[in-house]
Amino acid sequence: MALRKGIVNGDYLPGERLTEDRLAEDFGVSRNPVREALRVVEAEGFVTIVPRRGVFVAVPDASMISDMFAARERLETLAARLAAERATPTDIAALRGLLDAARDATDRAAFSEVAELNSELHLLVVSIGGNKWLSSIATGLYLQVHWIFRLGAVDRAPHSWVEHIRLVDAIEAGDGDQAEEAAKAHVHAASVAALTTVQIT
């Protein structure tokens with residue numbers, strides 16, 4: 001969805017007021033699809049509708065970040081272990097391809113692209129694990145993870161991909177313990193970075 005992508009990519013900043021007229025002009029549509037899009041992104045947590053004041057881009061806070069990363073730790077450690085048990089050579093090649101693409105995007109300071117690749121890699125790890133319940137949860141969770149990562153990507157991106165290499169190495173080795181530990185360490189580092197970003201913004 002174009003509105004969600006605009007929020008995630010920083011075209012509309014946390015706390016910024018959004019009007020139907022402005023969004024309709026930005027996207028070249030009438031106000032009806034704008035209203036529907038606003039309902040969707042409100043349900044996803046990207047905007048807040050304040051009675052008699054209007055619609056505002058949501059402002060991530062420490063409580064939201066802590067809850068998100070508590071969920072990520074449980075999900076990603078299990079997903080990493082399952083991926084280590086089940087990954088095929090084709091799966092590993094796909095993960096390595098994402099690592100290479102992310103390194104290139106980081107070098108080019110293409111941080112919107114880095115954020116997309118970050119989500120793609122994590123969702124691929126979940127998919128490789130083959131647990132449909134984890135996949136269902138991850139799909140919704142990573143809409144928000146993508147946004148939070150993008151807000152701090154300038155500082156976070158170089159560190160994130162070093163951690164991802166460790167994770168992929170463990171998955172390729174078929175070492176569930178190391179994969180789980182790499183995922184846990186990665187989520188912890190990402191949580192600290194996200195909380196710092198929220199305090200700065």
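The values are calculated or read from the model by the stated rules, or taken from the named source; none is laboratory data. Remember, it's a predicted structure, so these values are computed and weren't measured experimentally. No Cβ is skipped: glycine too gets one built from the backbone with ideal geometry, and neighbour counts run over all protein chains shown.
The residues of the range 19-59 that are among the hydroxyl-bearing types (S, T, Y) and surrounded by fewer than 13 Cβ atoms within 10 Å (Cβ to Cβ), listed by number, are T19, S30. Those residues that are farther than 10 Å from W161 by Cβ and of a type in the set (A, V, I, L, M, F, W, C), I need them from the range 90-100; list them, please. Passing the criteria: I92, A93, A94, L95.
Considering only residues of the range 68-97 that are among the hydrophobic types (A, V, I, L, M, F, W, C) and free of Cβ contacts under 8 Å to residues at least 40 places away in the same chain, which is farthest from W133 (Cα to Cα)?
The initial filter retains those residues of the range 68-97 that are among the hydrophobic types (A, V, I, L, M, F, W, C), namely 68-71, 75, 78-80, 82-84, 87, 92-95.
With free of Cβ contacts under 8 Å to residues at least 40 places away in the same chain added as a condition, the list becomes 70, 93-94.
Working: A70: 17, A93: 24, A94: 22 Å.
So the residue we want is A93.
Among residues of the range 109-122 that are without any contact (Cβ under 8 Å) to a residue 60 or more places away in the chain and at negative phi, those with a Cβ under 8 angstrom from a residue that is surrounded by fewer than 16 Cβ atoms within 10 Å (Cβ to Cβ) and assigned to a helix (DSSP H, G or I), sequence gap 6+ or separate chain, pair up as F111/V154.
Please verify whether A43 is among the hydrophobic types (A, V, I, L, M, F, W, C), in the same structural domain as A138 (by TED's automatic domain parsing), under 29 Å from A183 (Cα atoms) and part of a helix (DSSP H, G or I), treating the condition exactly as stated.
Against the criterion (among the hydrophobic types (A, V, I, L, M, F, W, C), in the same structural domain as A138 (by TED's automatic domain parsing), under 29 Å from A183 (Cα atoms) and part of a helix (DSSP H, G or I)), A43 does not qualify.
Looking only at the range 60-77, residues that are basic (K, R) and crowded, with 17+ Cβ neighbours inside 10 Å come to 1 in all.
Got at least one residue in the range 55-73 being part of a helix (DSSP H, G or I) and farther than 21 Å from T197 by Cα?
Kept after step one, since they are part of a helix (DSSP H, G or I), are these residues of the range 55-73: 62-73.
Then drop every residue that is not farther than 21 Å from T197 by Cα, which leaves none.
The answer is no; no qualifying residue exists.
Does A190 fit the bill of being more than 17 Å from N9 (Cβ to Cβ), under 15 Å from the mean Cα position of the chain (by Cα), touching a residue at least 40 places away in the same chain (Cβ under 8 Å) and buried (at least 23 other Cβ atoms within 10 Å of the Cβ)? It would help to see each step written out before you state the result.
Values: more than 17 Å from N9 (Cβ to Cβ): yes; under 15 Å from the mean Cα position of the chain (by Cα): yes; touching a residue at least 40 places away in the same chain (Cβ under 8 Å): yes; buried (at least 23 other Cβ atoms within 10 Å of the Cβ): yes.
Yes; evaluated as a whole, the condition is true for this residue.
In the range 79-91, how many residues are part of a helix (DSSP H, G or I) and surrounded by 17 or more Cβ atoms within 10 Å (Cβ to Cβ)? Steps first, answer last, please.
Here is the first cut: in the range 79-91, the residues part of a helix (DSSP H, G or I) are 79-86, 89-91.
Filter once more, keeping what is surrounded by 17 or more Cβ atoms within 10 Å (Cβ to Cβ): 79-84, 91.
Final tally of qualifying residues: 7.
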